[in-house]
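What follows is a set of notes on a single structure, which appears directly below.
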């Protein structure tokens, strides 16, 4: 009888009998070895504005070649991409796109970055890693769009090849992660700290879900954790929830809740706090933390004005952290 | 008097039938939960791996050997 195989990619540590798949639905034990079923088989490929990731301090107004495969290691009740993230690869329409083709298509389409996104790229780790290596050799920036529920060893192997990560910090309590996402908070916090230490440019997103994580104390705790562990310069995006998937009965996040969250973040000492999914809100803009002047004026994903020159405020020459060129 | 006895008997029979049905349901659920508990401890039904492989081929999926896995209790394995 062949042995049970343990996947050590994410913190679920799924133990699989022969023929079984992990919670991600894409990693399988065949003949006593673990295999990925989605290497080079994305089901979703698009060219997006980088602001959609959301990344507001990375190559503004540039295009990002974005891809995902089926599957996910989380079970978020609010998932916006549940049609692919909660499906096995047999139930999605996949295309053959090996790493070389991803890089070639990104370059041909004048994209400056490749985003591993939509579902969680942790579950197509091998595909992402090989693509990221090639992309970096070709001068492209790699974007890791993730919930960061990944073990330390694979994350450390990945970090040298990803220049930026857009991380969903979904909440700040273990209860929220368990009930809402079938995951755990502490490993996510550790992964975020690892990426920060490794020099990966980080932007965090917190989706505010009415009645679930919209209490002021939760928002204060989240902002304090970021300030204490990552410093004031890591951008934080408060994103508007829209009724989806298993939470269709909830209302969208009220605009005033997001505005209040932004106030709390700024009061906590964070320099760059944004409001997402409300196109014309002033919280879409970047302001200089020193002189308060408007640096980047955005409406939705469009950049209307950019007053950052060589990574500095045009008016007072304060350094604005990010990857600007 | 006789009619009252007959209707009482009928009621009793109906009650007995209901009790038997309820007992049956409870036993069925218990057997199912015991079976699930046994299966969770490793005695899972054997998967026909050849059939799984054939289904993957049919779906156009080519298994690619994964990184970061191992055999529980053994040293960590990579590649």
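The values are calculated or read from the model by the stated rules, or taken from the named source; none is laboratory data. Keep in mind it's a predicted model, so treat the numbers as computed, not measured. FYI the Cβ positions are ideal-geometry reconstructions off the backbone, even for glycines, and counts take in every protein chain you see.
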Tell me, which residue of segment A:304-323 that is at positive phi and free of Cβ contacts under 8 Å to residues at least 60 places away in the same chain is surrounded by the most Cβ atoms within 10 Å (Cβ to Cβ)?
A:311
Filter segment A:3-19 down to residues that are touching a strand residue (DSSP E or B) at 6+ places or on another chain (Cβ under 8 Å) and more than 7 Å from every other protein chain (Cβ to nearest Cβ) and give me whichever is farthest from residue B:56 (Cα to Cα).
A:13
Determine, yes or no, whether residue A:297 is at pLDDT 95 or above and in a strand (DSSP E or B).
yes
If I filter segment A:260-291 down to residues being part of a helix (DSSP H, G or I) and in contact with a helix residue (DSSP H, G or I) (Cβ under 7 Å, 6 or more places away or on another chain), which single residue comes out as surrounded by the most Cβ atoms within 10 Å (Cβ to Cβ)?
A:265
Hey, could you check segment A:20-32 for residues that are within 12 Å of residue B:69 (Cα to Cα) and not in a strand (DSSP E or B) and say which is nearest to the other protein chains (Cβ to nearest Cβ)?
A:32
Just checking, does segment A:144-151 include any residue being buried (at least 24 other Cβ atoms within 10 Å of the Cβ), out of contact with any strand residue (DSSP E or B) (no Cβ under 7 Å at 6 or more places or on another chain) and under 19 Å from residue A:199 (Cβ atoms)?
yes
Name the single residue that is farthest from residue A:38 (Cα to Cα) among those in segment B:63-73 being at pLDDT 95 or above and either more than 7 Å from every other protein chain (Cβ to nearest Cβ) or part of a loop (DSSP other than H, G, I, E, B) (or both).
B:68
Determine if segment A:85-108 includes at least one residue that is out of contact with any helix residue (DSSP H, G or I) (no Cβ under 6 Å at 6 or more places or on another chain), within 19 Å of residue A:149 (Cα to Cα), in contact (Cβ under 8 Å) with a residue 24 or more places away in the chain and crowded, with 20+ Cβ neighbours inside 10 Å.
yes
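Let's see how each residue does on (1) in a loop (DSSP other than H, G, I, E, B); (2) closer than 21 Å to residue A:123 by Cβ; (3) at the interface with chain A (Cβ under 7 Å from one of its Cβ atoms); (4) modelled with pLDDT under 80:
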{"site": "B:13", "(1), (2), (3), (4)": "no, no, no, no"}
{"site": "B:33", "(1), (2), (3), (4)": "no, no, no, yes"}
{"site": "B:37", "(1), (2), (3), (4)": "no, no, no, yes"}
{"site": "B:75", "(1), (2), (3), (4)": "yes, no, no, yes"}
Based on what the data block shows, is residue A:140 buried (at least 22 other Cβ atoms within 10 Å of the Cβ) and away from chain B (no Cβ under 14 Å)?
yes
Taking the condition of being touching a strand residue (DSSP E or B) at 6+ places or on another chain (Cβ under 7 Å) and closer than 24 Å to residue A:176 by Cβ, how many residues in segment A:69-122 meet it?
8
Search result, residues across segment A:33-47 that are more than 8 Å from chain B (Cβ to nearest Cβ) and surrounded by fewer than 18 Cβ atoms within 10 Å (Cβ to Cβ)
A:45, A:46, A:47
